[in-house]
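Since the structure comes first, as C-alpha cells, the remarks are kept for the end.
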Amino acid sequence: MSKRDTPKDSALVEAARSLEEGLTRFEALSQQLQGLPLQSEKHLERASATLASLADMDEDLRVRITTLVGAISQVRDRQQAQAEAVHARAQELQQRTEVFKDLLVRYGAVGQSAGDLNMRMQEFAARRQQAKTAEEHAEVVAAFQALQDRMKEVAEEAQAVAQSAEERDFNDIARQADSLRQQLLAARNKMALLHKSLGGG
C-alpha cells in the first residue's frame, strides 16, 4: 500500500499523538531548564529564554489538550448515536420476533386444522363406502356439507395468515400459508365433484 493509499488517522488519534509529542518536548525542555547553571548573566539569560519557551509550550499544550477533549467528545457522541441505533434495532428485533411467533402460532393452528380435515375426509370416504340405506346416504351428504364448509373456513384462515405475513414481510410464512390454502381449495373442489356423484346440488 502506498502512502497515498494509507488510511488517514482519526481526529482522536491525531489529537492524542499531537498532545503526546507536545508533552514530550515540554518535558525535555523542562528537564533542560532544571539542569541549567545559574551562575552568570549568560546563564540567567539562557534560563529566562528557556522559561519563556516553556511558557509558550504550556499554552500550546493547553490548546492540544482542548483539541483532544473535543475529539473525545466527538467519539462519545458517535458512540452514543450508535448505542441509540443499536437500542432501536433491538426493539425492532423484539417486535419482529413477537410478530413472527404470532404468525407461526396462527400458521400452526391452520396446519392443525388442515390435519384434522384430512382425517375427517378419510372418515367421510369410509362412511360413504359403508352407506347402504337412504338414511345413511343422507347422513353422508350432511357430513359432506359440514366438511366442505369447514374446509372453506380453514382455507380463509390460511389466506388471512398469508396476507398478514405478506404485509409484515415474512414471505416464507406467506408462501407456506398460501400453499396450504391452495391445497385446501383443491381438496374442496374434489369434494364438490364427489358431492355431485352423491346426488348433491
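Bear in mind these aren't lab numbers, they're just calculated from the coordinates by the rules spelled out. Everything numeric here is computed off the predicted structure, so don't read it as measured data. As a convention, Cβ positions derive from the backbone with ideal geometry for all residues, glycine included, and neighbour counts pool all protein chains shown.
Considered as a group, the residues in segment 108-120 that are hydrophobic (A, V, I, L, M, F, W, C) and surrounded by 17 or more Cβ atoms within 10 Å (Cβ to Cβ) include one that is nearest to LEU184 (Cα to Cα), and that residue is ALA114.
Residues of segment 25-50 that are over 60 Å from the mean Cα position of the chain (by Cα) and surrounded by 10 or more Cβ atoms within 10 Å (Cβ to Cβ): LEU33, LEU36, PRO37, HIS43, LEU44, GLU45, ARG46, ALA47, SER48, ALA49, THR50.
Being among the acidic types (Asp, Glu) and part of a helix (DSSP H, G or I): is that true of ASP58 here? So ASP58 fits the description; yes.
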